[in-house]
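Read-outs throughout are calculated quantities, based only on the coordinates presented, and are distinct from any laboratory measurement. Owing to the predicted nature of the structure, the values given are computational and were not obtained by experimental measurement. Cβ atoms come from the backbone with ideal geometry, glycine included; neighbour counts cover every protein chain shown.
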Ligand code: BES
Ligand code: MN
Ligand code: ZN
């Protein structure tokens, strides 16, 4: 992970500040103010020369004086068109610009960006961090690495929201890292030890179950997927308990699909782009990113973090199409396609968490179906659930954070499509019809009456390059910002 080390807030004025770059913003038709008089003359001529009026997407760059070496004025556009997501995208471009100049630090006029507002301030610092993200861990010669170390923000600025945004964005960056590591380096064991480390640092209880315990624990569905890697890359079920809320308050549960590599198993996938299946643990990366964020921000809430981590490999011991397994809640499953493995893993983790912790609500995150890409492309996460109130909370947080998510129906009729001739249910639906929904209908069998929303992030976990704060390559760290927002709203 390469990103900004520190964002500092100071109440200094803009007069005679020593910096390589001073960044200001201007609303369309607005004026800039507070700048050192000498600089102001230079800026005014530059602005006039460029016929700049503060339009969104426009910027005026100019050299300054001995103290303030460069000045950039970014257009914010029309007042009523400014959104927090737009601010996040803009600040990500600003840190990318500072990196392109090879700067170690720069200065921001917080007043012109409106950073006294808590939401704007949080979005601004999130963008700064996300725009500086790069992943060079496996480059032996790091060509042109990012240089940015710190950002100084001046003026009347909501410092605590700046700090919060920095922590959340670092949680996103951590989730991106986990996704970007290749499957030989990001194994279930490594994921488990990282979760334990974070848990320990914040005094949380963590429990890691090894694949050797799965069968006696009743995790037959999860075991079936893991069995092709036994003795090689052992599967783990990871549970972390965070008790920030009242004693006795039921926890909120976050569950992630952590398939560290999905070859498809015996129902093997075609070779083109199979390397992308290192990202099949991005659901668990979201859970880990949230774990890291919660460990630092410590919201007043009880939370269970749960991850089903395994490979899905073909092997002499791998499960066969046609095998029937029994899940933790006693339901029998006919495995007609070993490539529909995510739902088999989640079946056990969801029913285990539901049984052991009686959560108030559960969210799960999974790169579950290629079909969600057919439905929504890489523009939105697919949402399905069994509770309107919880779904509304998710949608509200989606809106607040700019993380696009869209509900698909989960009517009972879809359950007909997963009925099995030989077992209770089968792990595939009706051919190509509504593949995302039949996958969610399968999961619904394992959550009981607990309010639950499923996030199918197969389209959004890697790939999207827009808005500007998304990475140019690799994993996006999707769902961390949205879900942290939801958790925070639950506290209030
Ligand atoms: N991990 C895949 C889903 C996936 C596909 C994610 C493409 C990202 C991009 C999942 O395990 C899978 O293979 N699903 C199958 C289900 C099918 C066999 C019913 C799919 O979507 O093809
Ligand atoms: Mn699969
Ligand atoms: Zn998968």
Once both axes come from the Cα atoms, what is the angle between helix 282-297 and the longest principal axis of the chain, in degrees from 0 to 90, rounded to 10? 60
Hey, got the Cα dimensions of region 275-416 along the principal axes, in Å, largest first? 47, 35, 34
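Taking R0 as 41 Å, what FRET efficiency do you get between residue 273 and residue 189 from their Cβ-Cβ distance, rounded to the nearest 0.05? Write down the numbers at each step before the final one.
On the way: r = 26 Å, r/R0 = 0.64.
Plugging the Cβ-Cβ distance into 1/(1 + (r/R0)^6) gives 0.95.
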Compute the distance from the alpha-carbon center of region 70-109 to that of region 265-337, in whole Å. 38
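Only bridges whose two residues both fall in the chain count here: according to DSSP, what percent of them are antiparallel, nearest 5?
Working: 29 of 73 bridges.
So the antiparallel bridges amount to about 40 percent of the total.
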In whole angstrom, the spacing between the Cα centers of region 385-399 and region 1-57 equals 39
Using only the Cα atoms of region 364-492, what semi-axes does the equivalent ellipsoid have when each is the square root of 5 times a gyration tensor eigenvalue? Give whole Å, largest first. 26, 19, 10
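Could you calculate the FRET efficiency of residue 491 with residue 413 from 1/(1 + (r/R0)^6), where r is the beta carbon distance between them and R0 is 30 Å, rounded to 0.05? Intermediate values should be presented prior to the final figure.
Details: r = 37 Å, r/R0 = 1.24.
That pair, residue 491 with residue 413, gives E of 0.20.
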P(r) for region 6-153, please, calculated from all Cα pair distances in 10 Å bins and given in %. 11, 42, 35, 9, 2
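Kindly rank 276-289, 256-269, 330-343, 39-52 from highest to lowest mean number of other beta carbons found within 10 Å of each residue.
Values: 276-289: 29.1, 256-269: 24.9, 330-343: 21.6, 39-52: 14.6.
Descending mean neighbour count gives 276-289, 256-269, 330-343, 39-52.
Order of 83-94, 394-405 by packing, highest average Cβ count within 10 Å first?
On the way: 83-94: 22.4, 394-405: 19.8.
Order by mean packing, descending: 83-94, 394-405.
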Label-to-label distance, nm, for residues given as residue 102 and residue 18 (7 Å Cα→Cβ offset): 2.1
Compute the distance in nm between two label points, each set 7 Å from the Cα along the Cα-to-Cβ direction, one at residue 421 and one at residue 81. 6.0
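Sort 6-17, 169-180 by packing, meaning the average of other beta carbons within 10 Å per residue, with the highest value first. Walk me through the intermediate numbers first.
Numbers: 6-17: 15.4, 169-180: 26.5.
Taking the mean over residues of other Cβ atoms within 10 Å, the ranking is 169-180, 6-17.
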In what sequence do 190, 32 fall when counting other Cβ within 10 Å, fewest first? 190, 32
For the chain, longest principal axis from Cα atoms; helix 159-180 axis from its Cα atoms; angle between them, nearest 10 degrees, is 50
Computed FRET efficiency, Cβ-Cβ of residue 406 and residue 472, R0 30 Å: what is it to the nearest 0.05? 0.75
Neighbour-count order for 365, 252, fewest beta carbons within 10 angstrom listed first: 252, 365
May I ask you to compute the full-extension gain from residue 197 to residue 232, defined as 0.36 nm times their residue separation minus their alpha-carbon distance, rounded to one decimal in nm? 10.3 nm
Between the helical axis of 84-100 and the dominant principal axis of the chain, each derived from Cα atoms, what acute angle in degrees is found, rounded to the nearest 10? 70
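Can you give me the orientation-averaged projected area of the convex hull built on the Cα atoms of region 171-491, in nm²?
Here the figure is 14.5 nm², rounded to one decimal.
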